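The values are calculated or read from the model by the stated rules, or taken from the named source; none is laboratory data. Computed from a predicted model, the values in this text were never measured in an experiment. Cβ coordinates were reconstructed from backbone atoms using ideal geometry, including for glycine residues, and neighbour counts include every protein chain displayed.
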Amino acid sequence: ANMSFVFSEKSISSAGKDVITSYRSVFNHEGVIATENKSFAKSCEGPLLELLSHCEEVEKHSTKAFQDTIPQLQAIQSPIESVLEQIKGVKLQINAVLEDAEKERGKRLERHEQCLKEWEDVRNES
């Protein structure tokens, strides 16, 4: 079968108008979306700027708080070092006392053994 299509100017014109109408509709829809996006972005701008400002304020306060603690830490550093020196001194004294006690124990042990020996000698004599 031999089919032939006949396009009249009217049908081509009508189809063209439909395409243009569809294109305009899409274009308008995109315009609406763009406008909505702009207004959404604008509505976010205020809260975001407020949040940014709040963050900057927090940063300022935390930096200041940190800077304020530095002199306090420096102020207690010296007393802590002093206490550590005292502890070292006390430790040395304790070690010296322990050494002396060990020496005394050794002397007492020697005396005790000497007494036992003398006692044995006395017992053996009698």
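Structure above, values below:
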| quantity | calculated |
| --- | --- |
| Some residue of region 2-11 being out of contact with any His (no Cβ under 7 Å at 6 or more places or on another chain), surrounded by 10 or more Cβ atoms within 10 Å (Cβ to Cβ) and part of a helix (DSSP H, G or I) | yes |
| Subset of region 68-93 [β-branched (V, I, T) and more than 33 Å from the chain's Cα centre (by Cα)] | I87, V90 |
| Only one of K42, K60 that is at pLDDT 80 or above, assigned to a helix (DSSP H, G or I) and surrounded by 10 or more Cβ atoms within 10 Å (Cβ to Cβ) | K60 |
